[in-house]
Structures are given as C-alpha cells and as structure tokens.
Amino acid sequence: MIIRSKAPLRIGLAGGGTDVSPYSDIYGGAILNATIDLYAYASLEPLNNGKIEFCIDGTDKCLVLDSKAQLELIEGFELFIGVYNRVIKQFNLKPLSFRLTSFIEAPQGSGLGTSSTIVVSILGAFIEWLKLPLGKYDIAHLAYEIERIDLNMAGGKQDQYAATFGGINYIEFLANDRVIVNPLQLKREVMNELEVNLLLYFTATQRLSAAIINEQVKNVNDKNEKSVDAMHNLKEQAHQMKESLLRGELNKIGEILHFGWQNKKQMAQSISNPLIDSIYETALNNGSTGGKISGAGGGGFMFFFCPKVTKIKVAQAIEQKGGRVQPFKFTTEGLTTWTIDY
C-alpha cells in the first residue's frame, strides 16, 4: 500500500505581506492568490521495521531514524519531522514506522509557497493514512501552526490556505487567527484571458524569505509609517483586484499589479534589487502593463500582465536577463490525497 498526496503551488496576485503577523492581527490583512499546475507531492509507505525514512525524490538526501513518538529536528528535514511530531502529539498516537518521500515541481525559495505547500502535502498523506478527522480550514491552520509556531519559521498564512483550498481566492486574515477564504467564481472567459495574459518568469535566483519577512515584521512593530502605509495600500490592492476580476475588467489588472509592486518595495529594503528592477523595466518597455515578484521578494519567480498580443515579445526580452519563462495553467483543486495498493 502507498498513500499519496499533492498540493498546488500558488502565485500571489495582490495583497502580499498583509497576511503576516503582527500586521494581520492589528489591521487585518487581505490576499488574492491563485493556484497553478505546479505541485508538491508526498508518498507514504507504511513499514513494519521500527524505522522512519524521510527521502527527497530526485536527490540522494535520505534520512533513516529509529521510530519514536517525538523526533529531534535535523537540518534539511525540518518540515518532515515537524509534521510527524505534531501529528503524533496532537492525536495522541503511538510511534509510527514508514517511508515518506517528497518532491516539488519548483525550486524552494522561489516565491511560489513551496515550503508551506510541502507541509500541506505531507500533512495530507498522514491524514489519508490515519483517517484523521480534519476539514480544509483545520488542515490549513494546522499546517500554519506546524511551520510558524512549532518550527518557528518566519512567514505568513496565505500559502497554507491556498495549497489546501486551491483555486482563485480572496482570503481575509483577521485577529485571533481567524481566516476567511472567499473563492472567486469567475467567468470562464475571464479565467482564460487572465491565464493567456499572465507571464510567469523564473529569475534563476533564489532567496531566503526569512530575512525579508523579519524586516517587514520589525517595521510594523516599530510603527514605520512608510512601511505600514504600503501594507495598507497592498490590502486595498487585493480589494481592487477582486473587484476587477469579478467585473471582468481585465484592462485594469496591469495597473493594479504595478500599484502593488510600487508599494511592496516600500515594505522592506531587500524585496527588490538591480536585477529584479531591470527585469521589471524590460517587461514594461516591451508591452507589459504591470507585474510583481511572487512571494516575499529578493528573487525567485516574477510574473507580468501582458495584454493583447504582447506576451511573446515580453518573454523574448526578459529571457535575455538569464531566466526562463515557466508555462502554467490555473487549477481549481487544492490538496488531493489517495491510496493505492501495490
């Protein structure tokens, strides 16, 4: 028997950063994101030898441990161990024996929510195996607690909810960990046009988001007016994006993205850099009307709105900067799990 799960990665269309505490606790945050057909996978095979094996598919990284109720964290396998420890503790289970293998269809640190998505996927495999009584909100919140509280990793809340729910969602983040996921019911022609006009581009650079997020958190705690005002504007950007998509006013999307990008750069100094600025200006000079970096910033993926028939021209221009265009389609399903007998 093998238990499998997959969860989709996401692009953050608007409101990025307002899901991070303490901003979301004090002011309330809002995000508009969309899942795409790049996935984090987990495969779990029950064993009967008293061992736990964690493997990262496509690499030689594999960790073999004696099965215990709580495992010590080991560098490179924190997400695996964090999920296991929390599941055992929260559901009062005996030590388990299994082999868990993961794979992500994008580099970690690329701004598509990879770390949170693999946590959701691994958690989904345990839920499928152990038949744990958790709904979507429960899964997303538990994944958030594992990553942000148990493992003390810096970041926000949007990725766990995007990966669990899937689709295009306007998500509100309120005080006391209250989250409301509002799926957008968009016309098919709007979805098609948005998909055709959005260009996803990997800058061929990666970054550690923690430093950027910690700077953002410090700015809120210090009541840095410039940074906090920028976050207020990003929350408004999420509202504008939602309204434009629901009304089918796609001519406004590039302008809204550009407005958001100008404000996002005010949240922390390291969000942009000369390479990112150069890529962005090149895209605008070749027909894009706006874009942004996906995730915390500093590197990874960017995306651009390229109206009418400008997408190929923009792609050819920015690929001269050393990165590559990533084909994608939107997805409507979030976390998916299944069991197969071998």
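The values are calculated or read from the model by the stated rules, or taken from the named source; none is laboratory data. None of these values were measured; they are calculated from a predicted model. Note that each Cβ is placed from the backbone with ideal geometry, even for glycine, and that neighbours are counted across all protein chains shown. These accessible areas exclude ligands, DNA and RNA; they are computed on the full protein's heavy atoms, side chains included. Shrake-Rupley method; radii C 1.70, N 1.55, O 1.52, S 1.80 Å.
Of note:
- Residue with peak Gaussian network fluctuation, the chain [Cα springs, cutoff 10 Å], from Asp277, Asp150, Asp60: Asp60
- When a 1.4 Å probe is rolled over the protein heavy atoms, the share of accessible surface on segment 1-155 that falls to carbon and sulfur comes to 49 percent.
- MRE, 222 nm, helices only [DSSP H, n ≥ 4, -39500 (n - 2.57), over the chain, to nearest 500]: -11500 deg cm²/dmol
- Straight Cα distances below 18 angstrom link Lys68 to the aspartates and glutamates Glu45, Glu53, Glu78, Asp150, with same-chain residues fewer than 8 positions distant left out.
- For the set Glu193, Glu255, the ranking by accessible area, highest first and with no ligand, DNA or RNA atoms included, is Glu255, Glu193 under a 1.4 Å probe.
- Across Lys223/Lys308; Lys265/Lys321; Lys157/Lys226, pairs whose alpha-carbon gap is larger than 32 Å: Lys223/Lys308
- Projected label distance in nm at Glu319 and Glu72, using a 7 Å step from Cα toward the beta-carbon: 4.9
- Estimated FRET transfer efficiency when R0 is 30 angstrom, pair Asp277-Asp229 (beta carbons, to 0.05): 0.90
- With a Förster radius of 35 Å applied to the C-beta separation of Arg178 and Asp57, the computed FRET efficiency comes to 0.45.
- Cross-link pairs Lys131/Lys292; Lys61/Lys89; Lys51/Lys89 - those with Cα-Cα distance over 30 Å: Lys131/Lys292
- Selected from Lys226, Lys265, Lys292 as most flexible by GNM, with the chain as the system and alpha-carbon contacts under 10 Å: Lys226
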